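See below for the structure under consideration.
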Amino acid sequence: MKCYPVDTINIPRGETIAYRKAGTGDKAVLLIHGNMSSSVHWQTTMEDLEKDFTVYAVDMRGFGDSSYNNEFSSLKEIAQDLSELADALGMQKFVVVGWSAGGGVALELAALYPELVEKVITIGSVPITGFPMFKKDAAGAPIFTEPLKTKEDIAADPVQVAPVLAAFAAGNRDFMRMVWDMGIYNMAKPPEVDYELYIDAMLKERCLVDMNYSLMTFDMTKRLDELKCPVAMLQGEKDFVVPLTWAQKSHEDMAGKASLVAFGSWGHSPMTDDFEGFVSALRKELVK
């Protein structure tokens, strides 16, 4: 994996946003990572795209090498950060590619700043109705009639959150590897050298509770009219994090505002599962 240097920009919202840049093509592409990751996870994609595009991969607030001076409670706030980054970089019109949680941020960015976003491409995106979280019973199973409501509830979750927070605090690489092997790298694992860099990036996250709360409360259903650009949804049929049925429901709810293409060889990390197929599908959407 080719590694790209990290640059930073101080934005008016009081944060320092880290990013990587590749290429000098006429069309600009902004890559937004998901939860428990960073711009490091985009580097193989950047290496392919840099031949034809100008590519920026960001670290969202509280991830990677970006600052976490202020807590946040919505994906909208992260989108506002990225609009200020785009302004500082002189990006006047660009395509936004959002993976997982980054897909929700991409949609928020397009809705808030239609003059900036030419197109949104999502990959295994959080549904437009949000990512639900529920209380757990004594066996650790979700109680679907009892949704979590507060950040305090989320932080105390004994299955999805508290163990991850403990792993972050302890720098527990084996735990992070187990989580990703089970849920994200269920189809294929990255090369070991790359995997170690990805784990380094995972352990830099400081905003897990904020991000989970933002995903849980995310809802675009009443704001779809604010989306003025095309939206392309790319989805893995074997995605354990965002099941295909969730993507299909989002596509249905978007009522003609988005296209959906499902891929049988993809899980939640198509850049690992089927890199050639992934970049081919991504490039096709970038030039439409």
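Return the residues of the stretch 137-149 that are of a type in the set (Ser, Thr, Tyr) and either open to solvent by less than 50 Å² (accessible area, probe 1.4 Å) or under 25 Å from Asp239 (Cβ atoms) (or both); say none if nothing qualifies.
If the condition is that a residue be of a type in the set (Ser, Thr, Tyr) and either open to solvent by less than 50 Å² (accessible area, probe 1.4 Å) or under 25 Å from Asp239 (Cβ atoms) (or both), then no residue fits.
Could you please find all residues in the stretch 214-255 being touching a residue at least 12 places away in the same chain (Cβ under 8 Å), of a type in the set (D, E, K, R), open to solvent by 20 Å² or more (accessible area, probe 1.4 Å) and not in a helix (DSSP H, G or I)?
Matches in the stretch 214-255: Asp219, Arg223, Lys228, Glu237, Lys238.
Anything in the stretch 120-136 that is of a type in the set (Val, Ile, Thr), crowded, with 18+ Cβ neighbours inside 10 Å and in a loop (DSSP other than H, G, I, E, B)? List them, or say none.
Val126, Ile128
Only residues that are within 19 Å of Phe218 (Cβ to Cβ) and open to solvent by 60 Å² or more (accessible area, probe 1.4 Å): list them for the stretch 157-193, please.
Gln160
Select from the stretch 48-105 the residues that are part of a helix (DSSP H, G or I), of a type outside the set (Val, Ile, Thr) and open to solvent by less than 10 Å² (accessible area, probe 1.4 Å) and list them in ascending order.
Listed by number, the residues that qualify are Leu49, Leu75, Ala79, Asp81, Leu82, Leu85, Ala86, Ala101, Gly102, Gly103, Gly104.
Does Ile154 meet the test of being of a type in the set (Val, Ile, Thr), buried (at least 17 other Cβ atoms within 10 Å of the Cβ) and more than 24 Å from Pro270 (Cα to Cα)?
Details: of a type in the set (Val, Ile, Thr): yes; buried (at least 17 other Cβ atoms within 10 Å of the Cβ): yes; more than 24 Å from Pro270 (Cα to Cα): yes.
So Ile154 fits the description; yes.
Ser265 versus (1) part of a loop (DSSP other than H, G, I, E, B); (2) surrounded by fewer than 22 Cβ atoms within 10 Å (Cβ to Cβ); (3) out of contact with any Asp or Glu (no Cβ under 6 Å at 6 or more places or on another chain): which is the lone unmet condition?
Unmet condition: (3).
Mind checking which residues of the stretch 12-51 are more than 20 Å from Met211 (Cα to Cα) and touching a residue at least 40 places away in the same chain (Cβ under 8 Å)?
Across the stretch 12-51, the qualifying residues are Pro12, Lys27, Ala28, Val29, Gln43, Thr44, Thr45, Met46, Glu47, Asp48, Leu49.
Considering only residues of the stretch 1-26 that are surrounded by fewer than 20 Cβ atoms within 10 Å (Cβ to Cβ), in contact with an Asp or Glu (Cβ under 8 Å, 6 or more places away or on another chain) and among the charged types (D, E, K, R), which is farthest from Val287 (Cα to Cα)?
Ranking the qualifying residues of the stretch 1-26, first place goes to Arg13.
Residue by residue, here is whether (1) of a type in the set (Ser, Thr, Tyr); (2) within 18 Å of the chain's Cα centre (by Cα); (3) under 23 Å from Lys119 (Cα atoms) holds:
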{"position": "Val29", "(1), (2), (3)": "no, yes, yes"}
{"position": "Gly64", "(1), (2), (3)": "no, yes, no"}
{"position": "Gln92", "(1), (2), (3)": "no, no, yes"}
{"position": "Ala101", "(1), (2), (3)": "no, yes, yes"}
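Yes or no, residue by residue, for (1) out of contact with any strand residue (DSSP E or B) (no Cβ under 6 Å at 6 or more places or on another chain); (2) among the aliphatic types (A, V, I, L, M); (3) modelled with pLDDT of 95 or more:
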site	(1), (2), (3)
Tyr68	yes, no, yes
Glu71	yes, no, yes
Gln92	yes, no, no
Ala111	yes, yes, yes
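The values are calculated or read from the model by the stated rules, or taken from the named source; none is laboratory data. Worth saying up front: this structure is predicted, and the values here are computed from it rather than measured. No Cβ is skipped: glycine too gets one built from the backbone with ideal geometry, and neighbour counts run over all protein chains shown. Accessible surface is based on the protein model in full, side chains and every heavy atom, while ligands, DNA and RNA are left aside. Shrake-Rupley method; radii C 1.70, N 1.55, O 1.52, S 1.80 Å.
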